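The values are calculated or read from the model by the stated rules, or taken from the named source; none is laboratory data. Quantities reported herein were computed from a predicted structural model and do not represent experimental measurements. Heads up, the Cβs are rebuilt from the backbone with ideal geometry, glycines too, and the neighbour counts pull from every protein chain shown.
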Amino acid sequence: MRFFLIDRITLWEPGLRAEAVKNIALSEDFFDDHFPRRPVMPGVLILEGMAQLSGLLLESGLQEEHAKSAKAVLTILEKTKFRALVRPGDALQYCAEVVALNEAGGKTRVKALRDGLVVTATEMAFAFKEVQDPLLDEKRRRLMDLWLGRS
């Protein structure tokens with residue numbers, strides 16, 4: 001199963017910063033087992049949504065600053081803190097900013113907020129991996145169009 005943990009990108013400054021929203025619905029598959037009768041979004045999936053936004057942001061920066069195309073692969077989490085639970089009906093706002101970027105990889109500072117309060121905060125380091133896959137590139141382009149409201 002492939003999880004897309006972004007519903008809409010609400011701020012997009014390639015290579016600098018981005019914000020996105022994820023609405024948490026009771027119908028999410030992970031709530032079946034996490035936890036029965038007490039649904040809580042797994043922390044690792046909150047991090048995955050943060051990583052999805054951060055990776056896209058770094059990839060766009062690589063393209064803008066170095067005219068290169070590569071996929072960002074998460075390698076390190078630093079200073080990660082979980083401060084509150086996320087439940088069905090909540091809306092998460094992801095806020096990512098680029099801390100460092102070069103041709104080998106990059107680093108972001110990112111947080112997830114609910115109602116303006118920080119739920120999770122971390123720093124993420126990524127390495128760039130060149131992938132030659134036109135189908136993947138087309139799928140990524142369609143997703144970005146959807147997330148940015150361009151479709």
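A few points about this structure:
- Any chance MET50 is under 19 Å from ALA127 (Cα atoms) and either within 20 Å of the chain's Cα centre (by Cα) or not aromatic (Phe, Trp, Tyr) (or both): yes
- Summed over the range 69-87, the residues that are over 14 Å from VAL21 (Cα atoms), surrounded by 17 or more Cβ atoms within 10 Å (Cβ to Cβ) and either among the polar types (S, T, N, Q) or touching a residue at least 60 places away in the same chain (Cβ under 8 Å) (or both) give a count of 2.
Quick grid of which residues meet (1) closer than 22 Å to VAL118 by Cα; (2) among the aromatic types (Phe, Trp, Tyr); (3) exposed (fewer than 13 other Cβ atoms within 10 Å of the Cβ); (4) out of contact with any helix residue (DSSP H, G or I) (no Cβ under 7 Å at 6 or more places or on another chain):
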| site | (1), (2), (3), (4) |
| --- | --- |
| LEU5 | yes, no, no, no |
| TRP12 | yes, yes, no, yes |
| ALA18 | yes, no, no, no |
| ALA25 | yes, no, yes, yes |
| LEU47 | yes, no, no, yes |
| ALA51 | yes, no, no, yes |
| GLY55 | yes, no, no, yes |
| ALA67 | no, no, yes, yes |
| GLY89 | yes, no, yes, yes |
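- Hey, ALA91 over 17 Å from PHE4 (Cα atoms) and among the small types (Gly, Ala, Ser) or not: no
- Selection status of ALA20, more than 17 Å from PHE126 (Cα to Cα) and at pLDDT below 95: no
- Matching residues, the range 126-142, being loosely packed, with under 10 Cβ neighbours inside 10 Å and in contact with a strand residue (DSSP E or B) (Cβ under 7 Å, 6 or more places away or on another chain): none
- Restricted to the range 33-70, and to residues there that are in a helix (DSSP H, G or I) and of a type in the set (S, T, N, Q), the residue that is nearest to LEU143 (Cα to Cα) is GLN52.
- Restricting the range 112-125 to residues that are out of contact with any helix residue (DSSP H, G or I) (no Cβ under 8 Å at 6 or more places or on another chain) and on the phi < 0 side of the Ramachandran plot, the residue that is surrounded by the fewest Cβ atoms within 10 Å (Cβ to Cβ): LEU117
- Counting the residues of the range 107-126 that are more than 15 Å from LEU11 (Cβ to Cβ) and touching a residue at least 60 places away in the same chain (Cβ under 8 Å) gives 5.
- Within the range 127-138, tally of residues that are farther than 21 Å from GLY15 by Cβ and touching an Asp or Glu at 6+ places or on another chain (Cβ under 9 Å): 0
- When the residues of the range 91-106 are filtered to those that are among the hydrophobic types (A, V, I, L, M, F, W, C) and in contact (Cβ under 8 Å) with a residue 12 or more places away in the chain, the one that is surrounded by the fewest Cβ atoms within 10 Å (Cβ to Cβ) is ALA104.
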